[in-house]
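Below is one structure; the comments refer to it alone.
The values are calculated or read from the model by the stated rules, or taken from the named source; none is laboratory data. Please read these numbers as outputs of a predicted model, since none were measured by experiment. Neighbour counts are summed over all protein chains in view; Cβ atoms, including those assigned to glycine, are modelled from backbone coordinates with ideal geometry. Just the protein is used for accessible areas: all its heavy atoms, side chains included, with ligands, DNA and RNA removed. Shrake-Rupley method; radii C 1.70, N 1.55, O 1.52, S 1.80 Å.
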Amino acid sequence: MIYNYTGKYVMLCLFMVSIICVSSMVSASIPWQSWPTVGSATLTWGPWVIYDSELRTPDGDYTVGQREVALVIKYRRNIDKEELLEATDEQWQHLNVSSLKRQRWLHVLATIWPDVKDGDRLIFVLNQKRGRFYQDNKVIGAIPENEMSQYFLNIWLSPNTAYPRMRQQLMGN
């Protein structure tokens, strides 16, 4: 009798482990383009719409510190790379990122980002600790540091963001 109980317990454990492994493989194999939207927001400046954005995750829910996130930004006007870099620098200053880090990170972004036109999409995807930028569905560059990836997302998702309403909308609130 004990053997049967132990055998059933072992089989149940093996079954549970296999389900967890398959679930992990399925989640990891789903491309960011298929992830459901957590929330969306639009950035305006006066009467001008700058961009529409949406936050995506594999399960459509976001928790602080999540390791799989896609931030999709669809631009609604032409913006050159220098303006994007300047705006990013301003946001990192707002988040109290040191000047040394900002300059190093902006140099990395300057080698990745293009000028954008009305209708272009730039997407930042964080998978585990790797960050990548896409222009539409094409990879245009990777972020070498996890800290830089986190601070890039913090522009929108930090409690200290300059845009708290946008943060709430992106997080689905």
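General observations
- The Thr44 and Val139 beta-carbon pair, evaluated with R₀ = 30 Å, returns a calculated FRET efficiency of approximately 0.50.
- Lysine pairs within the range 35-173, Cα separation less than 22 Å, 8 or more sequence positions apart or different chains: 8
- Under 5 Å, built H, 5+ apart or other chain: amide partners of Glu68: Gln128
- Cα-based shape type of the range 100-161, given that a ≥ b ≥ c are square roots of the gyration tensor eigenvalues and the cut on a/c is 1.5: rounded
- Heavy-atom accessible area, probed at 1.4 angstrom with all protein chains present, ranks His94, His107 as His107, His94, highest first.
- Using θ = phi - 60° in the Karplus curve 6.51 cos²θ - 1.76 cosθ + 1.60, the 3J(HN,Hα) couplings for the range 58-66 round to x, 10, x, 10, 10, 10, 4, x, 4 Hz; x is entered for Gly and Pro.
- Proximity of backbone amide H atoms, modeled 1.01 Å from N, is registered between Asp120 and Tyr75 at under 5 Å, excluding neighbours fewer than 5 places apart on the same chain.
- Whole-number percent relative contact order across the range 66-173, with pairs defined as alpha carbons under 8 Å at least 6 apart: 29
- Loop sites in the range 105-155: trypsin sites (Lys or Arg not before Pro), DSSP, at most 16 other Cβ within 10 Å: Lys117, Lys129
- 5 angstrom amide H check on Tyr51, placed H, neighbours 5+ away: Leu43, Arg76
- The slack between Arg67 and Lys117, meaning 0.36 nm per residue of separation minus the straight C-alpha distance, is 15.0 nm.
- Radius of gyration and Dmax over the Cα atoms of the range 21-173, both given in Å: 14.9, 50
- Remark: the range 157-169, residue by residue, has Karplus-estimated 3J(HN,Hα) of 10, 6, x, 9, 4, 6, 10, x, 5, 4, 4, 4, 5 Hz, where x stands for each Gly or Pro and the curve is 6.51 cos²θ - 1.76 cosθ + 1.60 at θ = phi - 60°.
- Whole-Hz couplings from phi, Karplus 6.51/-1.76/1.60, listed for the range 44-52; x for Gly and Pro: 10, 9, x, x, 9, 8, 8, 7, 9
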